[in-house]
1. Could you please tell me which pairs satisfy a Cβ distance under 9 Å, a separation of 6+ or placement on different chains, a first residue in the range 31-42 that is over 13 Å from PHE68 (Cβ atoms) and part of a helix (DSSP H, G or I), and a second residue that is modelled with pLDDT of 95 or more and among the acidic types (Asp, Glu)?
2. Yes or no: the range 65-83 includes at least one residue that is surrounded by fewer than 15 Cβ atoms within 10 Å (Cβ to Cβ), modelled with pLDDT of 90 or more, among the charged types (D, E, K, R) and under 30 Å from TYR328 (Cβ atoms).
3. Which of (1) free of Cβ contacts under 8 Å to residues at least 60 places away in the same chain; (2) part of a loop (DSSP other than H, G, I, E, B); (3) of a type outside the set (D, E, K, R); (4) under 24 Å from LYS87 (Cα atoms) does LEU257 not meet, given it meets every other one?
4. What pairs can you find where one residue is in the range 186-209 and under 30 Å from ALA124 (Cα atoms), the other is surrounded by fewer than 21 Cβ atoms within 10 Å (Cβ to Cβ) and among the small types (Gly, Ala, Ser), and their Cβ atoms are less than 7 Å apart, with a gap of 6+ or different chains?
5. When you scan the range 273-280, do you find a residue that is crowded, with 18+ Cβ neighbours inside 10 Å, in a helix (DSSP H, G or I) and of a type in the set (Phe, Trp, Tyr), even just one?
6. So is TYR91 of a type in the set (Ser, Thr, Tyr), outside any helix (DSSP H, G or I) and surrounded by 14 or more Cβ atoms within 10 Å (Cβ to Cβ) or not?
7. Can you tell me which residue within the range 324-339, out of those that are polar (S, T, N, Q) and surrounded by fewer than 16 Cβ atoms within 10 Å (Cβ to Cβ), is modelled with the highest pLDDT?
8. Out of LEU232, LEU257, I need the residue that is closer than 19 Å to VAL337 by Cα, aliphatic (A, V, I, L, M) and modelled with pLDDT of 95 or more. Which one?
Amino acid sequence: IKSVIIKRLPEKELHSKFLEQYSLFKTETKMYADILSEMEYLMLEKGDMDEKLWPDYVGHKAYDTIIFNDLREMNYNVVDRIEMLDKPHGYLAIRSLARFHAMSVIMRKRGIINPADFEPMFFASNTKATNRLIKGGVRQLSRVMKESWGPEWLEIAERIANAEATCCDKLEELRQVDEDRLNVLNHGDFWTSNILFKYSPCSGHDYPIGIRFVDFQMCHWNSYAFDVIHLLYVSLKSELRRCQFEKLIEAYHQSLLYTFKFYNYESEKIPSLQDVFDEVRKKSFFAFICLAALMPVTVAPATATVALDIEKLMVEGDDVIGQNPVIYSYDEYKRNVTL
């Protein structure tokens, strides 16, 4: 390893407190030091010649520093988060996600993963910070839509406003783990800037040939549908999601089955294709939350304007919203929601 990335707790007190309060840094440390290293042993044991889906772990200092290799040295790069993922990138991402999910199930069977070691799904944890993030996003969307999107949006803006009061309770209901269905270790924050791609020298950046995931702070044990929805509604181009939704789900399912078969894993909980469609539909309210509270931040232009002020999520106040209202008026966001 020639170059490394050193990831430390931020110096700002409230930002650091945010990460510590929700055990985000501790979770990522555990992922690199324990879980991902065991997944590498699994790959070696079974002769899996595909590339691993994460960086090389170098070391850590509990629980404020993690060191891993610089993926840029291996020609991995992120896609422009505003442009979002096109068809080649989207399909590689969702197939690789299924592979990661399947491997986590095998780790669970071997006792390497204990679901109790992970916090509940962050975005549905119904805490002060997540309430402000989720409810604040819904409230900000309804306000800006009502004020500046035009009269044709007034009815929808009102419906969104009415959803604010119960949205976090609905998410908390959705995140209850159903032990009768297949559950996996979710990445938890599976969006464009946490997915790096490698390219063939002959194809430019049009056709990725490799993929790595980073930022394992929000991993949680739950339905695979949460990661799938997060990817589809926060990272993929909206026209791709709408036109090829079924094929994308099929690609996820095929990769899931292939990985289970490769590792000789059998279980009655392995879902059929229809099971996957049903599970994604069952969790569809999370898709609305992704569009209302998360995507506006991820596609906001890189200007002097702060899209999301994390410190505001930690301060006291009844009407504190972390999302900047201007991000809901950008044409790119409106196009992704309305196309």
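1. Partner pairs satisfying both residue conditions: LEU42/ASP48.
2. Yes: the range 65-83 contains one or more residues that are surrounded by fewer than 15 Cβ atoms within 10 Å (Cβ to Cβ), modelled with pLDDT of 90 or more, among the charged types (D, E, K, R) and under 30 Å from TYR328 (Cβ atoms).
3. LEU257 satisfies all of (1) free of Cβ contacts under 8 Å to residues at least 60 places away in the same chain; (2) part of a loop (DSSP other than H, G, I, E, B); (3) of a type outside the set (D, E, K, R); (4) under 24 Å from LYS87 (Cα atoms) except (2).
4. PHE197/GLY210
5. The answer is no; no qualifying residue exists.
6. no
7. Start the filter on the range 324-339 by keeping residues that are polar (S, T, N, Q), which leaves 324, 329, 336, 338.
Filter once more, so that each one left must be surrounded by fewer than 16 Cβ atoms within 10 Å (Cβ to Cβ): 329, 338.
Values: SER329: 92, THR338: 73.
If we take residues in the range 324-339 being polar (S, T, N, Q) and surrounded by fewer than 16 Cβ atoms within 10 Å (Cβ to Cβ), then SER329 is modelled with the highest pLDDT.
8. Working: LEU257 fails: closer than 19 Å to VAL337 by Cα.
It is LEU232.
The values are calculated or read from the model by the stated rules, or taken from the named source; none is laboratory data. Being a predicted model, the structure only gives us computed values, none of them experimental. Every residue, glycine as well, gets a Cβ built from its backbone with ideal geometry; the counts of neighbours run over all protein chains shown.
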